[in-house]
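Enquirer: Here's a structure for you.
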Amino acid sequence: MTSDLSIAVLLSGSGRTLVNLAASIGDGRLPRGTRITAVIASKACLGCDRARELGIEPRVMPGVIAPDQLESAVNGARFIVLAGYLKLIRVPAAYRHRIVNIHPALLPSFGGHGMYGHHVHEAVLHHGCKVSGCTVHLVDDEYDRGPILAQRTCPVREDDTPDTLAARVFAEECIAYPAALSALLTGRVRVSPDGRRATIAGAR
Ligand code: GRF
């Protein structure tokens, strides 16, 4: 029996994460058999054009998707990957521990409602942080709160602007997301009984 490695990608922005995921399927960073079967955008955006370039017709759904609508919205994809998606997801039981997000900072700092894009990097610079990075986490019913799967760090430089820092963080995202998603797709993620901590079998 082959396992179902279908993923739906949800986005609201420029779609670089979607492109990285598609490239990761092509070059083997994601498991053989991984397929992006749906792209949902919360608005018409560059990410929709990127999806079409990949041969996937995106579906624009502007509102918050109700939990009981999620499975049909993603055409039954087994996993849901948030890629700069700005709407709150409320996780139905069927998708518990099968939805992932990437955030461009080291959670639990600099996350939550309103903390996205340049707002995150501006806050990191405002606080004089010496390192930043990215966090891949399972999604629960709050923004940026679910159990952490992986983090990667990068330095913050004194002359950084939000844009230069964002670019350095994004380079780490391109490594972290396929690696953590691969662990999820291959069944190597375990979540503690209290739902707070995730571990990846075999991760150092
Ligand atoms: C990424 O920085 C990601 O961390 C955050 O949203 C951004 C998406 O960028 N969740 P893009 O729309 O994929 O270019």
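Enquirer: Which numbered condition trips up residue 52, out of (1) within 16 Å of the ligand (Cβ to nearest atom); (2) open to solvent by 20 Å² or more (accessible area, probe 1.4 Å); (3) outside any helix (DSSP H, G or I)?
Expert: Just one mismatch for residue 52, condition (3).
Enquirer: On the given criteria, is residue 146 in contact with an Asp or Glu (Cβ under 6 Å, 6 or more places away or on another chain) and not hydroxyl-bearing (Ser, Thr, Tyr)?
Expert: Details: in contact with an Asp or Glu (Cβ under 6 Å, 6 or more places away or on another chain): yes; not hydroxyl-bearing (Ser, Thr, Tyr): yes.
So residue 146 fits the description; yes.
Enquirer: Let me ask something else about it. Kindly check whether there is at least one residue in region 74-93 that is on the phi > 0 side of the Ramachandran plot, within 17 Å of the chain's Cα centre (by Cα) and crowded, with 18+ Cβ neighbours inside 10 Å. Spell out how you get there, then give the answer.
Expert: Of all residues in region 74-93, those on the phi > 0 side of the Ramachandran plot come to 75-76, 84.
Checking which are within 17 Å of the chain's Cα centre (by Cα) leaves us with 84.
Going one step further and asking which of them are crowded, with 18+ Cβ neighbours inside 10 Å, we end up with 84.
Looking through region 74-93, at least one residue is on the phi > 0 side of the Ramachandran plot, within 17 Å of the chain's Cα centre (by Cα) and crowded, with 18+ Cβ neighbours inside 10 Å.
Enquirer: Check region 83-95 and report whether any residue there is aliphatic (A, V, I, L, M), within 15 Å of the ligand (Cβ to nearest atom) and more than 25 Å from residue 24 (Cβ to Cβ).
Expert: Looking through region 83-95, at least one residue is aliphatic (A, V, I, L, M), within 15 Å of the ligand (Cβ to nearest atom) and more than 25 Å from residue 24 (Cβ to Cβ).
Enquirer: Need the failing condition index for residue 42 against (1) open to solvent by less than 90 Å² (accessible area, probe 1.4 Å); (2) under 16 Å from residue 98 (Cα atoms); (3) in contact with a Lys or Arg (Cβ under 9 Å, 6 or more places away or on another chain), just the number.
Expert: Of everything listed in (1) open to solvent by less than 90 Å² (accessible area, probe 1.4 Å); (2) under 16 Å from residue 98 (Cα atoms); (3) in contact with a Lys or Arg (Cβ under 9 Å, 6 or more places away or on another chain), residue 42 misses just condition (2).
Enquirer: Only one of (1) within 30 Å of residue 197 (Cβ to Cβ); (2) more than 16 Å from the ligand (Cβ to nearest atom) fails for residue 59. Which number is that?
Expert: Evaluating residue 59 over (1) within 30 Å of residue 197 (Cβ to Cβ); (2) more than 16 Å from the ligand (Cβ to nearest atom) leaves (1) as the failure.
Enquirer: Taking the condition of a type in the set (Gly, Ala, Ser), crowded, with 16+ Cβ neighbours inside 10 Å, part of a loop (DSSP other than H, G, I, E, B) and modelled with pLDDT of 95 or more, does residue 13 pass?
Expert: yes
Enquirer: Let me ask something else about it. Taking region 6-39, which residues are of a type in the set (A, V, I, L, M), under 24 Å from residue 88 (Cα atoms) and away from the ligand (no atom under 13 Å from the Cβ)?
Expert: 7, 8, 36, 38
Every residue, every condition in (1) more than 9 Å from the ligand (Cβ to nearest atom); (2) modelled with pLDDT of 95 or more, yes or no:
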site: 102; (1), (2): no, yes
site: 114; (1), (2): yes, no
site: 119; (1), (2): yes, yes
site: 125; (1), (2): yes, yes
site: 130; (1), (2): yes, yes
site: 133; (1), (2): yes, yes
site: 139; (1), (2): yes, yes
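Enquirer: How many residues, within region 1-19, are under 20 Å from residue 78 (Cβ atoms) and out of contact with any Phe, Trp or Tyr (no Cβ under 6 Å at 6 or more places or on another chain)? Walk me through it before giving the result.
Expert: Within region 1-19, the subset under 20 Å from residue 78 (Cβ atoms) is 1-11, 17-18.
Those left that are additionally out of contact with any Phe, Trp or Tyr (no Cβ under 6 Å at 6 or more places or on another chain): 1-6, 8-9, 17-18.
The total comes to 10.
Enquirer: Part of a loop (DSSP other than H, G, I, E, B) and out of contact with any Pro (no Cβ under 7 Å at 6 or more places or on another chain): which single residue out of 65, 80 fits that description?
Expert: Numbers: 80 fails: part of a loop (DSSP other than H, G, I, E, B).
None of the other options fit; the residue is 65.
Enquirer: Go through 123, 167 for me and flag whichever is open to solvent by 30 Å² or more (accessible area, probe 1.4 Å), without any contact (Cβ under 8 Å) to a residue 40 or more places away in the chain and over 12 Å from the mean Cα position of the chain (by Cα).
Expert: Details: 123 fails: open to solvent by 30 Å² or more (accessible area, probe 1.4 Å).
One residue alone meets the criteria, 167.
The values are calculated or read from the model by the stated rules, or taken from the named source; none is laboratory data. Predicted model, so just to flag it, every value in this text is computed and none were measured. In this analysis, Cβ positions are derived from the backbone assuming ideal geometry, glycine residues included, and neighbour counts consider all displayed protein chains. Surface areas here come from the heavy atoms of the whole protein model, side chains and all, with no ligands, DNA or RNA. Shrake-Rupley method; radii C 1.70, N 1.55, O 1.52, S 1.80 Å.
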